[in-house]
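Visitor: Below are the structure tokens for one structure; questions will follow.
The values are calculated or read from the model by the stated rules, or taken from the named source; none is laboratory data. Note that this is a predicted model, so its numbers are computed, not measured. Note: ideal-geometry Cβ built from the backbone for every residue, glycine included; neighbour counts use all protein chains shown. In case anyone asks, the SASA skips ligands and DNA or RNA and just uses the protein heavy atoms, side chains included. Shrake-Rupley method; radii C 1.70, N 1.55, O 1.52, S 1.80 Å.
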Amino acid sequence: MTETAALRTAPLRARAEIDLAALRANVRTLRAHAPGAALMAVVKSDAYGHGAVRCAREAIAAGAGWLGTATPEEALVLRAAGVDGVRIMCWLWTPGGPWREAIEADLDVSVSGMWALREVTEAARQAGAPARVQLKADTGLGRGGCQPGDDWTELVREALRAEADGLIRITGLWSHFACADEPGHPSIAAQLSLFREMVAYAEAQGARPEVRHIANSPATLTLPDSHFDLVRTGIATYGIAPSPELGSPADFGLRPVMTLSASLALVKHVPGGHGVSYGHHYVTPGETTLGLVPLGYADGIPRHASGAGPVLVGGKWRTVAGRIAMDQFVVDLGGDEPAAGAEAVLFGPGDRGEPTAEDWAQAAGTIAYEIVTRIGTRVPRVYRNASM
């Protein structure tokens with residue numbers, strides 16, 4: 001019996017079930033949204049909490065030609081796990097990072113400024129092999145990326161010089177949207193225009209990138225003019241819409257991949273007026289039954305959803321009663337008496353009437369990205385519908 005099969009049959013405090021067939025279908029759907037571009041499946045932060053190595057392999061099986069991570073360490077983990085034969089790009093570097101290891105692992109690395117270009121060229125000298133470098137332009141997000149004007153001019157000039165010396169290959173020119181999840185936001189057109197200008201300048205100076213890319217998940221779904229040679233799909237790969245304003249996952253043909261559930265640890269009768277959890281922010285309005293869900297903020301359940309987070313128990317929506325604690329929270333079952341061990345579903349695709357990650361995001365005042373990404377390592381991932 002495989003480890004996943006054993007987890008599926010063993011009684012568990014909690015589980016995050018990962019539907020790999022849904023992930024593959026999402027990748028195929030996203031590729032259809034951008035038929036003229038290659039697709040990068042972003043698997044940073046352990047594939048948004050879904051498991052980077054497993055999800056990377058399934059995304060490749062569904063046609064993703066690239067993988068993306070934030071840190072080089074995340075990319076090196078993929079290579080160490082045998083994820084080969086696919087391009088992997090990593091973009092969040094700090095001084096002294098593992099440049100040589102990245103070169104030797106055949107990674108594409110992002111460079112936003114001169115300090116990074118100097119470090120990667122020195123690493124290339126040491127490695128005796130050219131680095132794959134993608135120059136990032138700050139077109140308006142104001143995070144990573146090189147500023148337009150003199151900074152971009154210098155970075156392009158020195159990168160081309162390093163390429164002529166055989167130390168790097170300029171494999172890409174790229175940027176990132178600030179507000180692509182807000183339809184009609186004026187920054188979208190402004191960033192797209194500036195990106196075209198910065199790319200045109202670099203190419204006029206002699207850069208010959210393999211890929212030019214700026215489209216994230218929302219742009220992939222709604223902005224075909226932004227697709228260029230490559231689209232980078234993060235949250236949409238996992239079946240979550242980038243924002244409620246754009247529509248639901250079903251509106252784009254996507255299906256949520258993760259279902260988070262737990263086994264009730266206790267069901268008990270309590271009288272009316274009984275305080276529940278720290279601070280007694282919830283007091284039972286009358287005689288009732290309480291169910292103890294063995295998940296808490298140490299598992300990634302947002303404490304900000306105290307008193308509001310939805311849970312499906314016995315076919316009915318319940319609401320977190322009182323404060324979410326480190327390891328557990330309570331739901332008021334209203335007199336129903338499921339047995340200890342009964343399933344409590346926090347979120348999933350919604351097929352069985354269960355809440356979704358977006359419902360939890362609304363309850364916590366955050367975004368669905370955070371809900372799935374923060375589910376911690378105490379919660380085992382149980383994979384089903386693998387392609388291999």
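Visitor: Restricting attention to the range 326-345, which residues are among the hydrophobic types (A, V, I, L, M, F, W, C), within 33 Å of the chain's Cα centre (by Cα) and open to solvent by 20 Å² or more (accessible area, probe 1.4 Å)?
Guide: If the condition is that a residue be among the hydrophobic types (A, V, I, L, M, F, W, C), within 33 Å of the chain's Cα centre (by Cα) and open to solvent by 20 Å² or more (accessible area, probe 1.4 Å), then Met326, Val330, Ala342 are the ones that fit.
Visitor: From the residues in the range 156-204 that are assigned to a helix (DSSP H, G or I) and among the aromatic types (Phe, Trp, Tyr), which one is farthest from Cys146 (Cα to Cα)?
Guide: Among residues in the range 156-204 that are assigned to a helix (DSSP H, G or I) and among the aromatic types (Phe, Trp, Tyr), the one farthest from Cys146 (Cα to Cα) is Tyr201.
Visitor: Next question. May I ask you to say which residue of Thr356, Thr366 is under 15 Å from His304 (Cβ atoms) and either within 19 Å of the chain's Cα centre (by Cα) or crowded, with 21+ Cβ neighbours inside 10 Å (or both)?
Guide: Thr366
Visitor: Sticking with this structure for a sec: Restricting the search to the range 82-96, which residues are open to solvent by less than 20 Å² (accessible area, probe 1.4 Å) and within 20 Å of Ala129 (Cα to Cα)?
Guide: Scanning the range 82-96 gives Val86, Ile88, Met89, Cys90.
Visitor: Name every residue in the range 151-177 that is open to solvent by 40 Å² or more (accessible area, probe 1.4 Å) and either at negative phi or in contact (Cβ under 8 Å) with a residue 60 or more places away in the chain (or both), in order of residue number.
Guide: Asp151, Thr153, Glu154, Arg157, Glu158, Arg161, Glu163, Ala164, Asp165, Arg169, His176, listed by residue number.
Visitor: Something else now. Please verify whether Pro209 is touching a helix residue (DSSP H, G or I) at 6+ places or on another chain (Cβ under 7 Å), more than 30 Å from Asp332 (Cβ to Cβ) and not charged (D, E, K, R), treating the condition exactly as stated.
Guide: No, not satisfied.
Visitor: Here's a follow-up. Being open to solvent by 20 Å² or more (accessible area, probe 1.4 Å) and either assigned to a loop (DSSP other than H, G, I, E, B) or out of contact with any strand residue (DSSP E or B) (no Cβ under 7 Å at 6 or more places or on another chain) (or both) is the filter here; which residues of the range 205-215 pass it?
Guide: Hits for the range 205-215 are Gln205, Gly206, Arg208, Pro209, Glu210.
Visitor: Considering the range 263-297 alone, what residues qualify as being closer than 26 Å to Arg378 by Cβ and either surrounded by fewer than 16 Cβ atoms within 10 Å (Cβ to Cβ) or small (Gly, Ala, Ser) (or both)?
Guide: Residues satisfying the conditions are Ser263, Ala265, Leu266, Lys268, Ser277, Tyr278, Gly279, His281, Gly291, Gly296.
Visitor: Looking only at residues that are among the aliphatic types (A, V, I, L, M) and surrounded by 22 or more Cβ atoms within 10 Å (Cβ to Cβ) in the range 63-73, which one is nearest to Leu92 (Cα to Cα)?
Guide: Residue satisfying both the conditions and the ranking: Leu67.
Visitor: In the range 296-332, which residues are out of contact with any strand residue (DSSP E or B) (no Cβ under 7 Å at 6 or more places or on another chain), closer than 16 Å to Gly279 by Cα, free of Cβ contacts under 8 Å to residues at least 60 places away in the same chain and not in a loop (DSSP other than H, G, I, E, B)?
Guide: Arg303
Visitor: Report yes if Arg232 is within 30 Å of Glu154 (Cβ to Cβ) and of a type in the set (Lys, Arg), otherwise no.
Guide: So Arg232 passes the test.
Visitor: Within the range 121-142, identify whether any single residue is in contact (Cβ under 8 Å) with a residue 40 or more places away in the chain, open to solvent by 40 Å² or more (accessible area, probe 1.4 Å), β-branched (Val, Ile, Thr) and under 30 Å from Asp251 (Cβ atoms), and answer yes or no.
Guide: no
Visitor: Continuing with this model, one more query. Scanning the range 216-245 for residues that are under 15 Å from Thr356 (Cβ atoms) and in a loop (DSSP other than H, G, I, E, B), which turns out most open to solvent (accessible area, probe 1.4 Å)?
Guide: Pro244
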